[in-house]
Amino acid sequence: MKVPLTQALLNPFFYYYLKIPSIPSVDHLPGNKRTGLLNTPKNQIEIILDGKKISKLYIKDLNQEQLLFPLYNIHKTEIKEKQSPGIYIEQKAVGFIASYEIKVDDFTIDDLQFNLLHFNDKQLLQKPSYQNKKVLFRKRETLLIYQNSFEVL
């Protein structure tokens with residue numbers, strides 16, 4: 001393609017020319033992936049039980065350092081390490097980022113755990129869990145609005 005690898009990785013035709021069936025797109029590249037909902041005023045979390053919305057939250061509502069009693073079960077992970085050498089790809093999307101489902105007999109919001117990841121001055125809300133069980137990913141409907149690729153030497 002006669003372009004640097006960091007640019008080629010963002011081009012959909014690169015994967016066609018690569019001809020590796022297990023890597024049809026940038027989403028299937030091997031490596032570490034950090035995904036989640038960015039802490040911005042537009043992003044929101046909705047909790048729906050039996051088709052009825054029972055709660056609507058923003059990520060800022062999960063920051064509870066100034067509260068006497070925590071409102072939600074939060075697990076925070078902080079990554080302080082600097083970026084190691086390699087190629088990095090950043091993507092931002094808008095839309096319905098993720099829908100998760102779990103079947104329980106009696107739901108209480110107190111048993112829902114929100115997982116927050118802090119790195120590079122960013123905060124991401126990652127996949128939740130319920131009573132220390134993983135929830136099932138159901139669907140996503142997004143539009144990619146930003147892509148960037150860079151190399152750290």
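The values are calculated or read from the model by the stated rules, or taken from the named source; none is laboratory data. Not measured: the values here are computed from a predicted model. Heads up, the Cβs are rebuilt from the backbone with ideal geometry, glycines too, and the neighbour counts pull from every protein chain shown. Please note that ligands, DNA and RNA were not included when accessible areas were found on the heavy atoms of the full protein model with its side chains. Shrake-Rupley method; radii C 1.70, N 1.55, O 1.52, S 1.80 Å.
Summary of computed values
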| read-out | value |
| --- | --- |
| Electrostatic dipole magnitude of segment 1-148 [Cβ: Lys, Arg +1; Asp, Glu -1; Cα centre; debye, to 20] | 540 debye |
| Ellipticity estimate at 222 nm from DSSP helix runs (n ≥ 4, -39,500 (n - 2.57)) divided over the chain, nearest 500 | -2000 deg cm²/dmol |
| Cα lying deepest toward the dipole's positive end in the chain, options THR35, ILE47, PHE150, charges on Cβ | PHE150 |
| Accessible surface of the chain, 1.4 Å probe, proportion on carbon and sulfur as whole % | 52 percent |
| Label point distance in nm, PHE137-ILE23, each placed 7 Å from Cα along Cα→Cβ | 2.0 nm |
| Largest-first ordering by accessible area, 1.4 Å probe, given options LYS19, LYS2, LYS80 | LYS2, LYS80, LYS19 |
| Dipole magnitude (debye, nearest 20) for segment 8-61, charges at Cβ of Lys, Arg, Asp, Glu | 100 debye |
| Residue-normalised accessible area of segment 25-102, expressed per residue, 1.4 Å probe, Å² | 78 Å² |
| Structure-derived Kirkwood radius over Cα pairs in Å: which label, when the choices are (1) 17.6; (2) 18.7; (3) 18.1 | (3) |
